[in-house]
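**Q** This is the structure I have questions about; it appears just below.
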Amino acid sequence: NITKQPASVSAAAGKTAKVTFTAKGEGLTYTWYYKNPGAEKFSKTSTFTGSSYHISAMDAKRSGRQVYCVVKDRFGNKVQTQTVTLTLKK
């Protein structure tokens, strides 16, 4: 159960762009997916396994990256967050 959805974020060049959300349930696991601008489909990342995703040094080539997370509980129930965008602040 997602109790607080993530929001799109904007960060200045070289700064951290961080997306977080809140979920409730037992034995939760988090799987993040991302898609860079121009990519056809989302890719799974194993770098982030909690309720937050970040780009530590935002740059123009990552601006527009879309991310979402699939949360699974210990009973096998799955829920997906809304898709949000990380952008470079102008």
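**Q** Semi-axes, largest first, in whole Å: what does sqrt of 5 times each Cα gyration tensor eigenvalue give for the chain? Walk me through the numbers before you get to the answer.
**A** Working: eigenvalues 120, 34, 21 Å².
So the equivalent ellipsoid measures 25, 13, 10 Å along its semi-axes.
**Q** Once phi is turned into θ = phi - 60°, what whole-Hz ³J(HN,Hα) does the Karplus curve with 6.51, -1.76 and 1.60 give for every residue of segment 40-56, x standing for Gly and Pro?
**A** 7, 9, 6, 10, 7, 10, 9, 5, 10, 10, x, 8, 9, 9, 8, 10, 6
**Q** Hey, another quick one. If amide hydrogens are placed 1.01 Å from N in the peptide plane, which non-local residues have theirs closer than 5 Å to the one on Lys15?
**A** HN-HN under 5 Å from Lys15: Met58.
**Q** Lysine pairs in the chain 8 or more apart or on different chains: how many have alpha carbons under 19 angstrom apart?
**A** Value for the chain: 23.
**Q** So which trypsin sites (Lys or Arg not before Pro) in segment 33-81 are both in a DSSP loop and have at most 13 other Cβ atoms within 10 Å of their Cβ? Intermediate results must be reported in sequence, preceding the final value.
**A** Numbers: sites: Lys35, Lys41, Lys44, Lys61, Arg62, Arg65, Lys72, Arg74, Lys78; in loops: Lys41, Lys61, Arg62, Arg74.
When the trypsin sites (Lys or Arg not before Pro) of segment 33-81 are filtered for loop state and at most 13 Cβ neighbours within 10 Å, Lys41, Lys61, Arg74 remain.
**Q** Could you tell me the center-to-center distance, by alpha carbons, between segment 59-90 and segment 31-54 in angstrom?
**A** Computed from Cα coordinates, the inter-centre distance equals 6 Å.
Laboratory data are not the source of any read-out in this text; all were calculated from the coordinates shown. A quick note: this is a predicted structure, and the numbers were derived from the prediction, not measured. Cβ atoms come from the backbone with ideal geometry, glycine included; neighbour counts cover every protein chain shown.
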